[in-house]
Each structure stands twice: as C-alpha cells, then as structure tokens.
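Read-outs throughout are calculated quantities, based only on the coordinates presented, and are distinct from any laboratory measurement. As the structure is a prediction and not an experimental result, all values here were calculated from the model. When we count neighbours, we look across all protein chains shown, and the Cβ atoms used for this are built from the backbone with ideal geometry, even at glycine.
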Amino acid sequence: MLTITTTARLDALRQRADQAETARADTNRRLEELLEQRHVTGQERLDTRNEAAAVRDELEAAKQLAREVMASETRTRSVCDFMMRDASAGLAARDRTIAELRAELDRALGQPAEPELPEHTVLQFRTIGGGLVALIAAPDEDRYDRDPVYGYQCLTCGGEVSGAFRVEDGRRWANEHAAVCRAIPPAVAAEKVGVRT
C-alpha cells in the first residue's frame, strides 16, 4: 500500500515537473518573440516592457516551481530507497529465521536436515532421489572476462559441471542432472533402513 502511494506521489511530482518545464519553455519562447518584436520595430513601448517583465516573472515562477518539484522528488526517492533497504533487510532476517526454525524442527523430529547450499547458489533443483542440485555462479575472481561462469553441483551424488557462460545453459544442465540422478541422500537412506545418523 505504501509503495503504491509513494509511486503515485512520484508520478504526480513528475507530472508537476513536466508542467513546470513546459511553462518555462513557453515563457522563454514568448520572451524571445517579444525581444525579437522589439528589435524589429525598434520601439520601446511601455506595454512591451511591462509584458516582458511579466514574462520574466512567469519564467522565474516556473523555474522556482521546477526547483521545488525536483527537491520534493529527491526527498521522496530518498524515502523510497530507505524503505526498500529496510524491507530487504526485513525479508533477509525473516528468511534466516525460517531456515533456522526448519532446521530446529528437523532436529526435533529426527528428520534429516537439508544440506547446506554452496556459496553463490543461484537456483536449486530436487533430484528424483530426493537430493538437491545447486546451480552456482562462479565467484568474482573466477569469472572469465567479467562474465560469470555457471555450473552445477549435485549435493547427493557429488556430480558437478561448470563452464556455461549463460545462466540458461547452466540451468538446463542442472535440471537435466536432477531429472536422472537416482542417488538418495545418506540421511534418508539410513532412516529407511532404521539406522540413526
């Protein structure tokens, strides 16, 4: 709701800025026409001077309005950025709490916990044997010509492949492995035969 209101306010501020810019451009054009008319006729009529002064006043008012709108938009953008950072931090904390609670529940129920995902995991796929395959982007120091290199690692059978320069290729490889990998995670296999790990 707050994002919608902030977006609507930003749109309104942008519209006001556009109107102020249009008014300023119109005023500039009128001023140039008056100055050109004055130059062509060579007359310094009082009404022309008054009209030029009024146009200048309008121009200054339009500039002031444009400055106010830009300042307001900057403040609004700053508030939006703060709210986005705050929401992202809240989501990250919630995700950590959920992971901790799941692990605690698994320990309490005696069920095997999911293996820890490797660093730089982009996606994960469930194998037909119940394990996980992680699609991984190479860390920055292992990148080729600043482009990330993608690969996968099976957390059950240990299979891994890397060398894809497009995320689509790495995702396809990981998904294909997950579709054929029949390895059963060790904790699940031990539980099926009645052995506690």
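Residue separation of ARG56 and ASP26 scaled by 0.36 nm, minus their Cα-Cα distance, works out to 9.7 nm of gained length. Working note: Karplus 6.51/-1.76/1.60 with θ = phi - 60° gives the range 18-34 the couplings 4, 5, 5, 5, 5, 4, 5, 5, 4, 5, 4, 4, 5, 4, 4, 4, 5 Hz, where Gly and Pro are set to x.
Here the gap between GLU100 and ARG182, fully extended at 0.36 nm per residue and compared with their Cα-Cα distance, gives a gain of 26.7 nm.
Neighbour counting of Cβ atoms within 10 Å sorts the residues VAL55, VAL122, fewest neighbours leading, into VAL122, VAL55.
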